[in-house]
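Structure record follows, encoded as structure tokens.
The values are calculated or read from the model by the stated rules, or taken from the named source; none is laboratory data. Just so we're clear, the structure is a prediction, and the values are computed from it rather than from any experiment. Because the Cβ atoms are built from the backbone with ideal geometry, glycine has one as well, and the counts that use them run over all protein chains shown. SASA here: full protein model, heavy atoms, side chains in, ligands and nucleic acids out. Shrake-Rupley method; radii C 1.70, N 1.55, O 1.52, S 1.80 Å.
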Amino acid sequence: VTNGAGCADTACIDYSEVGINELSDNSWGVYPNPNDGSFTLMVEAGTGELAELKVTDALGRVVDLRKLEIKGGRHDFFITNSSFATGIYFIQLRTEDGVGLKRMLVR
């Protein structure tokens, strides 16, 4: 048996890739890091799209969730939240291009 991928065997298995695309590190960022609970989210987008920003604490609890409208080019969003206590947080950015995750320290 031979398939279109050139696999020749008696037990070929066809597969297709599935998964989540990761955003490149240079297309978005969080600064300053560490910070005092206020930070800037920088997003570089080729075209207009919707995005979701989710901030979770070290225990996985969602402490901030926002919908963002991103137009083409670079955008800086100032984020502040009085519920950010000292500790480690995870910033997840989900766009039409994929998902990115960064760690942030609040002191």
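Using alpha carbons only, the radius of gyration of the chain set against its Kirkwood radius gives Rg/Rh = 1.20. Amide H contacts of ASP64 (H built 1.01 Å from N, in plane; Pro and chain starts excluded): VAL55 sit under 5 Å, all sequence-distant by 5 or more or on other chains. Is the C-alpha gyration tensor of segment 32-79 telling us rounded, prolate or oblate? Criteria: a/c under 1.5 is rounded; beyond that, a/b larger than b/c is prolate, otherwise oblate. Cα axes put segment 32-79 in the oblate bin.
Given +1 at the Cβ of Lys and Arg, -1 at the Cβ of Asp and Glu and no other charges, the dipole of segment 27-107 around its Cα centre is 220 debye to the nearest 20. Given a 1.4 Å probe and the protein chains as shown, SER83 ends up with an accessible area of around 60 Å².
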